[in-house]
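These notes are about the structure you will find just below.
The values are calculated or read from the model by the stated rules, or taken from the named source; none is laboratory data. From a predicted model like this one, the values you see are computed outputs, not experimental measurements. All Cβ positions, glycine included, derive from the backbone under ideal geometry; neighbour counts span all protein chains shown. For the accessible areas, the whole protein counts, side chains as well, though only heavy atoms, and no ligand, DNA or RNA atoms are used. Shrake-Rupley method; radii C 1.70, N 1.55, O 1.52, S 1.80 Å.
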Amino acid sequence: MTDRLLTGQMLEFEADPFAAGLGAVRHTRRGAVLLHDGRIAAVGDADMVRAAHPRVPVTDHGDHLILPGFVDAHAHYPQTAIIASWGKRLIDWLNSYTFPEEMRFDDPAYAADVAARYLDLLVANGTTTVSSYCTIHPESVDAFFGAAQSRGLRALAGKTCMDRDTAPKALRDTAQGAYDDSRALLERWHGVDRLSYVITPRFSPTSTAAQLDALGALWAEHPDCLMQTHLSEQVDEIAWMRGLYPGARDYLDTYEAHGLLGARGVYGHAIHLEPREVDRLAEVGAAVVHCPTSNSFIGSGLFDMGLRARLRVGLATDTGGGSSFSMLRTMAAAYEIGQLRGIALHPAELLWLATAGSARALHLDDTIGRIAVGMEADITVLDLASTPAIAQRAARANDIWEAVFPTIMMGDDRAIAQVYVAGTPVG
Ligand code: GUN
Ligand code: ZN
């Protein structure tokens, strides 16, 4: 693999800015990052790094901002073609748009086509790692991992399991079938190249207790895997869950009772939590994922960013419930939802959530999500003046935060100047 030296503006996060403040973030006006063997080998002032590595070819990104590739902690690649479907709330949206589309993924060719399109859209938007749900079809998992592998991406995914009659017949497996398929897929893909298998019950309303038990047993057998599911996204969904699990203390209890609560659990949405649920998530060290464009698009509610003090929090598009593939747009939505709850998230906090924060939620923070020596060289270079509207606002900036915030709020794929995946430029 060719060594390469990138120069440009640079932001390095030495710690979580929520906890450590802005002192934990270093801005270098003329910085450099040395890429060697798919990893970051040196970081620092451009002149110094160049002097230390005089023979390495330089790619000068000028005033553009060198960041870690974005990390999308929760998405549904099979919903790519139904993104922006009008007028429904969660349960109707699943039945009207999502489930009919997911039925198509029994066809490996269709699954491969959508997986390729989805990952190309992702990289075009500066995202270099995603944790995606697939469909109940093992073919959909093979298609996703195959497409990620051929692009050299770090990616996480799992077969979405559903065996209750609340899901359409064509999208139902069984408790044993979900266990067998998930185990076979896990054995095929987990730890291969940059891929990780994630045990994925869709959510308790579409699984029987027997299926949750079976997947809890699989997780106990493979404790190094993550487990992802949905939790307390919408008030109607919680009422539905209560009817299906009358003995449960709360929504989280439907997972806890079946071995599906743990440190490597990643719970999407988590908007309408009871105090006991927050306590238990905090006690076990689990992660929750904020999906702001989805939460406003489907009308789910306003995530409480105050949970950051006690839980790992990731940021995610949740496509196709989310209305964008872009983590820039997702950061903007997180900012807007924060404002509605009385918290103005700082650009440093938004960028941290979209990179190291999401990596931490996925237990990958020692591997991706920061510009630092030893990390994998997944890098997104932002043009901070990608449209006339953004450029005229950024021209007034007094510091890096004023310069980057217009791109966070108004930017899209036009702001993505270059993406490097494991040190190799893409596109
Ligand atoms: N809850 C269960 N399945 C889904 C899904 O596909 N999208 C969203 N947003 N919520 C869900
Ligand atoms: Zn989801």
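Looking only at segment 161-183, decide whether some residue is closer than 20 Å to residue 422 by Cα and within 16 Å of ligand 1 (Cβ to nearest atom). Working first, answer last.
At the first step, the residues of segment 161-183 found to be closer than 20 Å to residue 422 by Cα are none.
There is no residue in segment 161-183 that is closer than 20 Å to residue 422 by Cα and within 16 Å of ligand 1 (Cβ to nearest atom).
Taking segment 53-87 on its own, how many of its residues are within 16 Å of ligand 1 (Cβ to nearest atom), in contact with a helix residue (DSSP H, G or I) (Cβ under 7 Å, 6 or more places away or on another chain) and hydrophobic (A, V, I, L, M, F, W, C)? Steps first, answer last, please.
Start the filter on segment 53-87 by keeping residues that are within 16 Å of ligand 1 (Cβ to nearest atom), which leaves 72-87.
Still in the running and in contact with a helix residue (DSSP H, G or I) (Cβ under 7 Å, 6 or more places away or on another chain): 72-73, 77-82, 85.
Now restrict to residues that are hydrophobic (A, V, I, L, M, F, W, C): 73, 81-82.
Qualifying residue count, segment 53-87: 3.
Give the residue that is farthest from residue 334 (Cα to Cα), with candidates limited to residues of segment 239-256 that are in contact (Cβ under 8 Å) with a residue 40 or more places away in the chain and open to solvent by 40 Å² or more (accessible area, probe 1.4 Å).
244
I'd like to know if segment 363-372 contains one or more residues that are open to solvent by less than 10 Å² (accessible area, probe 1.4 Å) and over 26 Å from residue 115 (Cα atoms).
yes
Out of all the residues in segment 297-311, is one or more charged (D, E, K, R) and under 19 Å from the mean Cα position of the chain (by Cα)? Show your work before the answer.
Initially, segment 297-311 is screened for residues charged (D, E, K, R), giving 304, 308, 310.
The next check asks that each one be under 19 Å from the mean Cα position of the chain (by Cα); those that pass are 304, 308.
Yes, segment 297-311 has at least one match.
Looking only at segment 117-131, count how many residues are assigned to a helix (DSSP H, G or I), open to solvent by 10 Å² or more (accessible area, probe 1.4 Å) and either under 18 Å from residue 315 (Cβ atoms) or modelled with pLDDT under 95 (or both). It would help to see each step written out before you state the result.
Of segment 117-131, the ones assigned to a helix (DSSP H, G or I) are 117-124.
Pick out the ones that are also open to solvent by 10 Å² or more (accessible area, probe 1.4 Å) and you get 117, 120-121, 123-124.
Those left that are additionally either under 18 Å from residue 315 (Cβ atoms) or modelled with pLDDT under 95 (or both): 121, 123.
The total comes to 2.
Restricting to segment 77-116, name every residue that is within 22 Å of residue 301 (Cα to Cα), in a helix (DSSP H, G or I) and open to solvent by 70 Å² or more (accessible area, probe 1.4 Å).
Initially, segment 77-116 is screened for residues within 22 Å of residue 301 (Cα to Cα), giving 79, 82-98.
Then drop every residue that is not in a helix (DSSP H, G or I), which leaves 79, 82, 90-98.
If the condition is that a residue be within 22 Å of residue 301 (Cα to Cα), in a helix (DSSP H, G or I) and open to solvent by 70 Å² or more (accessible area, probe 1.4 Å), then 92, 95 are the ones that fit.
Of 256, 233, which residue is farther than 26 Å from residue 177 by Cα and acidic (Asp, Glu)? Can you show your working first?
Details: 256 fails: farther than 26 Å from residue 177 by Cα.
Step by step, each of 256, 233 is checked, and only 233 is farther than 26 Å from residue 177 by Cα and acidic (Asp, Glu).
Collect the residues in segment 299-322 that are part of a loop (DSSP other than H, G, I, E, B) and either aliphatic (A, V, I, L, M) or within 13 Å of ligand 2 (Cβ to nearest atom) (or both), keeping them in residue-number order.
The first filter runs over segment 299-322 and keeps only residues part of a loop (DSSP other than H, G, I, E, B), leaving 299-304, 310-311, 316-322.
300, 302, 311, 316, 317, 318, 319, 320, 321, 322 - these are the residues of segment 299-322 that are part of a loop (DSSP other than H, G, I, E, B) and either aliphatic (A, V, I, L, M) or within 13 Å of ligand 2 (Cβ to nearest atom) (or both).
For segment 379-401, enumerate the residues that are hydrophobic (A, V, I, L, M, F, W, C) and touching a Gly at 6+ places or on another chain (Cβ under 9 Å).
To start, the set of residues in segment 379-401 that are hydrophobic (A, V, I, L, M, F, W, C) comprises 379, 381-382, 384-385, 389-391, 394-395, 397, 400-401.
Listed by number, the residues that qualify are 379, 381, 382, 384, 390.
Can you pull out every residue in segment 194-235 that is more than 16 Å from ligand 2 (Cβ to nearest atom), part of a strand (DSSP E or B) and open to solvent by less than 10 Å² (accessible area, probe 1.4 Å)?
Just the residues of segment 194-235 that are more than 16 Å from ligand 2 (Cβ to nearest atom), to begin with: 194-197, 208-225, 235.
Imposing the further condition that a residue be part of a strand (DSSP E or B) reduces the set to 195-197.
Result: 195, 197.
Could you grab the pairs with beta carbons closer than 7 Å, sequence gap of 6+ or different chains, first residue in segment 389-403 and over 19 Å from residue 414 (Cβ atoms), second one in a helix (DSSP H, G or I) and among the hydrophobic types (A, V, I, L, M, F, W, C)?
401/348
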